[in-house]
Amino acid sequence: RQTRWNCDWSSDVCSSDLIGLSIEEDHSFTVLHVREVAPQPPVAKRSPSGVPPRRVLVVDDNPDILESMSVMLEQSGHHVKLAQNGNDALDVAAQFMPEVVLLDIGLPGLDGYEVARHLRKMPELDKSIFVALTGYGQTEVRHRAFDAGFDLHLVKPIDLQTLDKILMMPLPPRIKTH
C-alpha cells in the first residue's frame, strides 16, 4: 500500500490518507513525524509568490530587461507579452488586453508617455494599472508620467517585492474625465 502525501514544507501543512505511516512491498515501513491536516477547500490559483496571475505587458527597448522581466514574471505564474517599441506595444495591447503595463518611458520613436496616452484611450484598458519604468526620478518626470496616464512611476531597476506589491493591487475603478 502506498501513502500519498500532500505537503507544503514551508508552512508545515500536510495531509495524507494514513497517519504518517508508509508500508513498502518488502514489509518495511516508515513513520513520518508530520502533523496531519484535513484537506482544505480549493483556493483561487495564485503564483508561487502568492500574487494572483495577471496579464502583464512589458515594454522596453533593452532586450536584456525584457528577457529578465519576462522570466521573473512567468516564474511567478503571470501571463506575459513583450514589446520592444511603442508601435508594437499598441498592437500587442490591443490583442492581449493587459491588466498591468510595465512601460519604459525612454523608448525610441513613440516614447512611453505617448504610448500610455494612446493605451488610456482604449476602453478595454480602462482598469489596467500603468507603471512607468525609467532611469529618471526627477519631480518633473514623475508629473509628466502621471499626466500621460501612468498610475505609478518607478526608477529602474525594480525589485521582485515591489513588483509583487504592484501585481497584488486591485484593478482601479476609473472615472472618465473626457
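Laboratory data are not the source of any read-out in this text; all were calculated from the coordinates shown. Because the structure is a prediction, the values reported are computed rather than measured. No Cβ is skipped: glycine too gets one built from the backbone with ideal geometry, and neighbour counts run over all protein chains shown.
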- Item | Long-range neighbours under 7 Å by Cβ, at least six apart or interchain, first residue within 18 Å of Q95 (Cβ to Cβ) within the range 121-146, second in a strand (DSSP E or B) | S128/V100; S128/V101; F130/V101; F130/L103
- Query: For the range 85-143, which residues satisfy the criterion of being among the β-branched types (V, I, T) and touching a strand residue (DSSP E or B) at 6+ places or on another chain (Cβ under 9 Å)?
  - Reply: V92, V100, V101, I105, V115, I129, V131, T134, V141
- Query: Within the range 108-166, how many residues turn out to be among the β-branched types (V, I, T) and under 21 Å from H78 (Cα atoms)?
  - Reply: 5
